[in-house]
Amino acid sequence: MTRYANIIGTGMYIPEIEITNETFSQWMGEISEKLAEVVFKFEASSGIKTRFYAPEDWATSDLAVEAGKAAIADAGLTPEDIDLVIVGTDSPDYITPATSVVTQYKLGCVNAGTWDVGCACASFPTALAQAAGLIATNPHLKHILVIGAYMMHKLADVKHDVTSFFYGDGAGAAVIGASDKPGYVSSSIKADGSYHKHWGIYSGGTYEPATVESVEAGRTKVKLVTPFPPTVNHEGWPARVRECAANGGFELEDIDHIIFTQVNVNSIKLVMDNLGLPVEKAHYIMDKWGYMGSACLPIAFHDAIQQAKITSGMRVVFCGSGVGYNQAATCFIMP
């Protein structure tokens with residue numbers, strides 16, 4: 001019997017502390033009126049109206065656990081049924097050990113192995129492809145929990161750096177299970193490391209271990225050093241979707257829904273126009289919860305399912321783009 005990988009459960013978690021654009025504008029206004037005005041320019045271009053923060057005593061793993069619980073319950077499983085936990089994040093609890101290990105422990109997935117995927121916003125489609133390949137080729141693996149989690153606000157100077165406008169906290173998850181019916185279809189993965197110094201946290205690792213000087217200078221906080229050219233997403237996303245379709249042997253018009261990185265609604269509209277697909281086939285959530293990095297794709301996916309925009313039999317493509325840069329697209333047919 002051919003063994004396929006299917007998405008059999010999803011879940012999400014949004015924390016409770018809301019930071020509206022008005023609040024964020026007030027923070028920036030304490031620095032300058034110009035920065036306060038930038039907030040609403042960002043809102044107009046991105047579609048982001050608010051964001052939510054976790055309590056200050058929480059870590060990224062705490063968000064991951066809540067989303068993981070929801071996905072496991074949705075799949076009709078228990079934590080003991082999970083064979084592998086993969087966590088995608090670029091706001092980890094620690095440099096080491098892996099956030100997935102902490103998440104596995106807090107969830108009670110006592111029978112599971114773990115690892116992290118650090119591809120920023122491309123982490124979820126990348127991890128989905130990993131999970132699908134493992135399920136298809138390893139009969140002893142039955143259930144893999146894939147989580148995207150993000151808590152970048154704690155690694156940013158949120159009251160002084162206007163780029164922090166984009167950072168909201170949250171987590172989304174999916175359980176991948178074995179089936180005799182097709183689920184996973186194909187993927188496309190691409191990187192261009194020449195952009196690695198554009199946006200990131202550049203002190204605290206081996207390149208520059210944290211020092212009193214680097215902390216005081218703010219180099220242990222996330223920084224946008226050089227903006228990415230719009231072509232990275234506006235050309236990169238359509239390229240990934242087209243390659244995913246070519247690799248899977250299907251046409252673009254066969255796609256029922258696409259979940260993109262949730263950073264800019266106008267980018268999604270431009271890319272859908274490039275692909276010749278109606279924008280109604282691309283769900284977005286940044287207006288409700290902001291941009292959530294590694295978590296935004298699984299959260300948008302779960303929300304689309306809840307709204308019945310994604311239903312059984314649909315061909316869904318996940319397309320993410322993260323700093324570095326990494327890009328990935330993965331296609332599944334919904335069970």
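Coordinate-derived values only; no laboratory data. Everything quoted here is computed from the prediction, not taken from an experiment. In this analysis, Cβ positions are derived from the backbone assuming ideal geometry, glycine residues included, and neighbour counts consider all displayed protein chains.
Going through segment 33-82 one residue at a time, which ones are among the acidic types (Asp, Glu) and buried (at least 20 other Cβ atoms within 10 Å of the Cβ)? Spell out how you get there, then give the answer.
Of all residues in segment 33-82, those among the acidic types (Asp, Glu) come to 33, 37, 43, 56-57, 62, 66, 74, 80-81.
Listed by number, the residues that qualify are 62, 66.
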Give just the number: which of (1) assigned to a helix (DSSP H, G or I); (2) in contact with a Lys or Arg (Cβ under 9 Å, 6 or more places away or on another chain); (3) within 14 Å of residue 185 (Cα to Cα) does residue 241 not satisfy? (2)
Determine whether residue 17 is touching a Pro at 6+ places or on another chain (Cβ under 9 Å), among the hydrophobic types (A, V, I, L, M, F, W, C) and within 21 Å of residue 125 (Cβ to Cβ). no
Taking segment 117-172 and keeping only residues that are of a type in the set (Gly, Ala, Ser), surrounded by 24 or more Cβ atoms within 10 Å (Cβ to Cβ) and not in a helix (DSSP H, G or I), one is left with 148, 149, 168, 170, 171, 172
Is it true that residue 268 is buried (at least 17 other Cβ atoms within 10 Å of the Cβ) and part of a strand (DSSP E or B)? no
Is one or more of the residues making up segment 306-324 in a helix (DSSP H, G or I) and either over 12 Å from the mean Cα position of the chain (by Cα) or of a type in the set (Ser, Thr, Tyr) (or both)? yes
If I go through segment 207-229 residue by residue, how many of them are part of a loop (DSSP other than H, G, I, E, B), of a type in the set (D, E, K, R) and touching a residue at least 40 places away in the same chain (Cβ under 8 Å)? 1
Residues 86, 17, 95: which one is β-branched (Val, Ile, Thr), farther than 24 Å from residue 262 by Cβ and either touching a residue at least 60 places away in the same chain (Cβ under 8 Å) or in contact with a strand residue (DSSP E or B) (Cβ under 6 Å, 6 or more places away or on another chain) (or both)? 95
